[in-house]
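Worksheet: the structure to be examined is printed underneath.
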């Protein structure tokens, strides 16, 4: 997959390692398909939020009205990802997909992503 950058003003910072406490259910961890890969998102099941870092601090985006979308009104992220069935270790591979990031003023960026789905 090719990362297509439509506007460089929407760069996401790399997320630091994220806690995964018991009872959280499942989460999908996404990183860019670049060299080196950059961890850019965590999609939590409970609560259903997408965590990204549009600046210096993580932001949790609640699920939006459109399928695969997460938004807080200032930032909207839409995911289109493909997940393989469980790999036998309590997780699944995100074999590929796209992450579209849009700001309220119309700036946007589309990134190729991969990742892992893990459950506890």
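The values are calculated or read from the model by the stated rules, or taken from the named source; none is laboratory data. Remember, it's a predicted structure, so these values are computed and weren't measured experimentally. Here the Cβ is made from the backbone with ideal geometry for all residues, glycine too, and neighbour counts use every protein chain on show.
Observations, loosely collected:
- Residues within region 80-97 that are under 9 Å from residue 113 (Cβ atoms) and modelled with pLDDT under 85, tallied: 0
- Some residue of region 14-25 being in contact with a strand residue (DSSP E or B) (Cβ under 7 Å, 6 or more places away or on another chain), assigned to a strand (DSSP E or B) and modelled with pLDDT of 90 or more: no
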